[in-house]
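The values are calculated or read from the model by the stated rules, or taken from the named source; none is laboratory data. All values derive from a computational prediction rather than experimental measurement. When we count neighbours, we look across all protein chains shown, and the Cβ atoms used for this are built from the backbone with ideal geometry, even at glycine.
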């Protein structure tokens, strides 16, 4: 994963990307954990493809690959019916 190869200075710069943001009608949370993670939600519907794509390219570094992950069903957790997640994956 790209996030594990940041220098100290690069990491300080990237840490500023973390937080909660209003993005159009959606709320977006961005964090750098074991890699980048983005949660995007809307209060009354699922975010659209264009909203997800727009938030991803505006709020996350362009040099990382992001994907929606579907774990085995027994590990699936859904806390908010209108929230989707993107996780950094190896490209």
Please go through region 36-91 and pick out each residue that is closer than 20 Å to residue 19 by Cα and part of a loop (DSSP other than H, G, I, E, B).
42, 43, 47, 60, 61, 62, 63, 64, 68, 79, 80, 82
Could you grab me the full set of residues in region 1-33 that are in contact with a helix residue (DSSP H, G or I) (Cβ under 8 Å, 6 or more places away or on another chain) and either within 18 Å of residue 55 (Cα to Cα) or modelled with pLDDT of 70 or more (or both)?
14, 17, 21, 23, 24, 25, 26, 28, 30, 32
